[in-house]
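Notes follow once the structure below has been shown.
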Amino acid sequence: MTFKELNLKDGILSAIEELGYEQPMPVQEQVIPFMLTQSADLVALAQTGTGKTAAFGLPILNMIDVNRNQVQALVLAPTRELCIQISNDLKGYSKNLDGLRIVPVYGGEDIRVQLRQLDQAPQIIVATPGRLIDLIERGKIKLQNINFLVLDEADEMLNMGFKEDIEKILEQTPENRRTTLFSATMPAEIQRIARQYMHDYEEITVGSRNAGTENVEHIYYVSQARQRYLVLKRIVDLNPDIYGIVFCRTRQETKEVADKLMHDGYNADALHGDLSQAQRDTVMQKFRIRNIQLLVATDVAARGLDVSDLTHVINYNLPDDVEIYTHRSGRTGRANKTGVSVSIIHSKEKFKIKDIERMLKRKFEQQQIPNGLEVCKKQLFFMIERMQNVEVNEEQIAPYMSQIMKQMEGLPKEEIIKRFVSLEFNRFLDYYKNAVDLNIPEHSSRERDGRNDRSGEEGGKQRKKSGVRVRLKINLGSREGMNPKRILGIINDVTEDKSINIGDIEITNKFTFFDVFEDQQDKVIRAFEHAEDMEVAVAKGSKSANENREKPKRDYSGKDRNRSSAGNYKNEEKPWRSRDRKSSGNEKRKRW
Ligand code: AMP
């Protein structure tokens, strides 16, 4: 199929030709004729990067009446960055259509600038929900006359807590509007919105439902938790031309991993919520132009980033939610390119891989963590290949050639090669000289009993401890579904240390209180400093030393404790939260 066959206006055809689009992408082949010829609403399951902006944008641009100075189309998007990008794309597609005006409105920017732009009487508004409501309430935007409404990345908008805002906006729009909803996944809440607010609608799926793009290969490495960073380095070193995002769970972890990578000489930077908008913009721009090769990011901070040609997505930790995995992995393998989604897991998390496999209907391949020799070989031949392909600037090196030749006189070709290789390569050889095997031995007893992620000394037998106990408090209670087993699972996972004795758990609505031995108190509190949305502190007024509390009512160490590790969710709800229980989805997302 060609764009010409789609019956688009000449002004649009010439613009997309100038952009170098040769033929429509699959989502465009399906959506454009539908929107141009049918009157029904549409739900399209498509990932970002599949060409969906043009899919809804081109038919809408085709149908806008440029002589009518009213808002005729509204595109809602979850983030400022996506909003700007959609608006720029639409401006590009419509640059040869006289009189067509598009204005983006989004939070985080001076509203006065947007108020002025709205005075141009745009026919298309691209908006984030919060700012749009603000402008509607100021009487600056009227949606009574819109013909087209697009909800882009609808699942992300819900994840970010925009549900009420979306409903409020939908109520401002006319009954007879045509609605097109794009979503990468189809949680129940999206289906409910579609049923409630859309008329008879068609459903189009680009690629298989809930699946990551076909072009993405999913692999995982099993490692000990404390060696995660070393595994990450091996993955990066094994892929010298990597251009990817390393996803971390928390801001703290993001900072730590990025700092370590930078310290170790990698071309990396961090993107997280503690940065100002300007700092985030700078990092994203550097990454877009490939000044940065590895971006270490939280899910929320990476939301606004749209880069089409990532080679890898690395899950430094698996996310708590299968849908987040889908979003992460969907960032690679875009625009007909192939990509790899890599996960670093510990053996307790294999069940999560199985869950994702089932949801995505894709097989994940477990690979052996490469050893030093493999990494060195890969690096070496990458370098040789670069040398073979390098463009030689004859003219500029000519003045130095005679002196170079003179200095090299008597050095045989083989010797020259060895020396150039060593010059570039000694750093790797040195680093990997004594590299250890990071793979966990298959069926090791430590793995079998779920204690593979701690050292022998720490992870061995639970020692019976005695001493002063301190009462701690965590901001999770029965309203978050806590019970003693769950709390123990969380403490196990966050501290990664089962030798910590936990006693006398008391769960209230908002908090859970528990005892630890005094000498382990700091370890627990410190571990939770890195855990998103969870805080542990000494309980007020309850030093809970032996003088307060003679004996814990129940000691959760030893056998009991091991059974309660986070990996054992047999009869409990899995930590993969169902959409119905999902949180607001902002960076404060809960882990269980
Ligand atoms: P989107 O999913 O809309 O963000 O698009 C992903 C990327 O594909 C963007 O960089 C678009 O400019 C590009 N793109 C969209 N449609 C086409 C097409 N038909 N041919 C080539 N590139 C396209």
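The values are calculated or read from the model by the stated rules, or taken from the named source; none is laboratory data. Quick caveat, the model's predicted, so the values are computed rather than measured. Positions of Cβ are generated from backbone atoms using ideal geometry, with glycine treated the same way; all protein chains shown enter the neighbour counts. For accessibility, only protein heavy atoms count, side chains too; no ligands or nucleic acids. Shrake-Rupley method; radii C 1.70, N 1.55, O 1.52, S 1.80 Å.
Tabulated data for the structure shown
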read-out	value
Top-ranked residue of the range 269-281 - restricted to ones that are surrounded by fewer than 21 Cβ atoms within 10 Å (Cβ to Cβ) and hydrophobic (A, V, I, L, M, F, W, C), ranked as farthest from A435 (Cα to Cα)	A278
Subset of the range 6-17 [in a helix (DSSP H, G or I) and either within 13 Å of the ligand (Cβ to nearest atom) or in contact with a Leu (Cβ under 9 Å, 6 or more places away or on another chain) (or both)]	L6, G11, I12, L13, A15, I16, E17
Selected residue (criterion: nearest to A127 (Cα to Cα)) from residues of the range 18-46 that are near the ligand (Cβ under 8 Å from one of its atoms) and buried (at least 22 other Cβ atoms within 10 Å of the Cβ)	A46
Which listed residue, of Y243, Y266, is over 20 Å from E349 (Cβ atoms) and open to solvent by less than 20 Å² (accessible area, probe 1.4 Å)	Y243
Residue in the range 286-302 that is surrounded by the most Cβ atoms within 10 Å (Cβ to Cβ), counting only those that are within 16 Å of the ligand (Cβ to nearest atom) and over 19 Å from E253 (Cα atoms)	F287
Hits in the range 304-361 - residues which are hydroxyl-bearing (S, T, Y), within 16 Å of the chain's Cα centre (by Cα) and open to solvent by 10 Å² or more (accessible area, probe 1.4 Å)	S308, T311, Y316
Any helices (runs of 4 or more DSSP H) falling wholly within the range 176-281 and containing at least 2 residues that are among the basic types (K, R) and within 30 Å of R386 (Cβ to Cβ)	228-238
Any hit, the range 50-58, residues being within 15 Å of the ligand (Cβ to nearest atom) and at pLDDT below 90	yes
Some residue of the range 415-426 being touching a residue at least 24 places away in the same chain (Cβ under 8 Å), within 17 Å of R234 (Cα to Cα) and surrounded by 12 or more Cβ atoms within 10 Å (Cβ to Cβ)	yes
